Amino acid sequence: MAVADRIAADYEELSGGCGLIDRSERGKLALTGSEAGAFLNGLVSNEIEALDDGQGCYAAVLTPKGKMLGDLRVLRAGDELLLDTERAALQEVFNVLWRGRIGHDVEVHKRTLEHGLLSLEGPRSRALAEADDLATTEYSHTAAELGGIPVRLIAADAGVDVLCEAGRTDDLRAALQARGVVPVSDEAAEARRVERGRPRYGIDLDDTVIPQEAGLNERAVSFTKGCYVGQETVARLHYRGKPNRHLRGLRLSGPASSGDALRLGDREVGRLGTVAVSPRLGPIALALVRREAEPGATVAAGDGGVSAEVVELPFA
């Protein structure tokens, strides 16, 4: 099967069935100790102490100037806080936790190699993961069994994530495939992610980005919790300022690459982040672009041979 045909078939599975993507490479950590919640609450942008068992949230780890060192998912599981983050951000996130733990009753545990993580995406994900009882709120989670394998089911934006012991990942994959889950390509999964307008740290986000620029305030920032690192900048921009950049979608006229410059007239207004080919929309991308490149504007990408229409996210 040609590559384009394979991606199109995988895309249809993600759109109408249930596709499986192995995301075990994501960085994974855990915090334990009586002060774990209060400790993490002072380091990340979202409310942690209010999480009950089975709840979770999305948060950013920031510099004192409000720039993102990484983003992470936080899950309250009994006495533990389970964290997972993009591998590109893992070391910086770990460093922040390790340095900050001094003087607190908290332990930081590395779990990247101990746990596998399989993502199920598509409208049949909950049924095939036997997750009908899982709360639909994103980041809700529960302990369960699939094919006799202990797992943690996590509500995700496009389906269900399944966390297991690393040594049982292959067994879990086989059990899920026996139920009708279909492994799909990263290219198809990335096309769907770009369509949803979900940025990825290390590609679309880096340590120059303030959460509001990437449209993350609603998901990642609490404006009612206590102090945390980087709060002053984040709050000042939210209440008094206008970000100079916004995360936008780009509909491309032809092939382009991540990192290509975007120009409005003679001025560089950004660089391409994730670039994907959607079987439905064609070449598309995410990018942080300056606010003068408003939705509806046309910018030049790379050497100017490719044009791009700036669009609001998510893609229609």
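The values are calculated or read from the model by the stated rules, or taken from the named source; none is laboratory data. Because the structure is predicted, anything quoted here is derived from the model rather than measured. Please note: Cβ atoms are built from the backbone with ideal geometry, for glycine as well, and neighbour counts cover all protein chains shown. The accessibility values were calculated without ligands, DNA or RNA, using every heavy atom of the protein model including side chains. Shrake-Rupley method; radii C 1.70, N 1.55, O 1.52, S 1.80 Å.
Details
- Breaking point among (1) surrounded by 15 or more Cβ atoms within 10 Å (Cβ to Cβ); (2) touching a strand residue (DSSP E or B) at 6+ places or on another chain (Cβ under 8 Å), for residue 314: (1)
- Flag if residue 30 is touching a His at 6+ places or on another chain (Cβ under 8 Å), among the hydrophobic types (A, V, I, L, M, F, W, C) and touching a residue at least 24 places away in the same chain (Cβ under 8 Å): yes
- Checklist (1) closer than 15 Å to residue 176 by Cα; (2) over 23 Å from the mean Cα position of the chain (by Cα) applied to residue 126, failing item: (2)
- Listed by position, the strands (runs of 3 or more DSSP E) inside the range 216-316 whose residues that are more than 24 Å from the chain's Cα centre (by Cα) number at least 1 are 261-264, 267-278, 298-301, 306-311.
- Residue in the range 37-54 that is part of a strand (DSSP E or B) and closer than 15 Å to residue 141 by Cβ present: no
- Selection status of residue 276, open to solvent by less than 60 Å² (accessible area, probe 1.4 Å), modelled with pLDDT of 95 or more and either farther than 15 Å from residue 205 by Cα or basic (Lys, Arg) (or both): yes
- Among the conditions (1) of a type in the set (A, V, I, L, M); (2) part of a helix (DSSP H, G or I); (3) within 18 Å of residue 26 (Cβ to Cβ), residue 178 misses just one, which is (3).
- So residue 192, is it crowded, with 16+ Cβ neighbours inside 10 Å, over 16 Å from the mean Cα position of the chain (by Cα) and either at pLDDT 95 or above or farther than 25 Å from residue 158 by Cα (or both): no
- Condition check for residue 241: open to solvent by less than 60 Å² (accessible area, probe 1.4 Å), at pLDDT below 95 and either more than 30 Å from residue 7 (Cβ to Cβ) or of a type in the set (S, T, N, Q) (or both): yes
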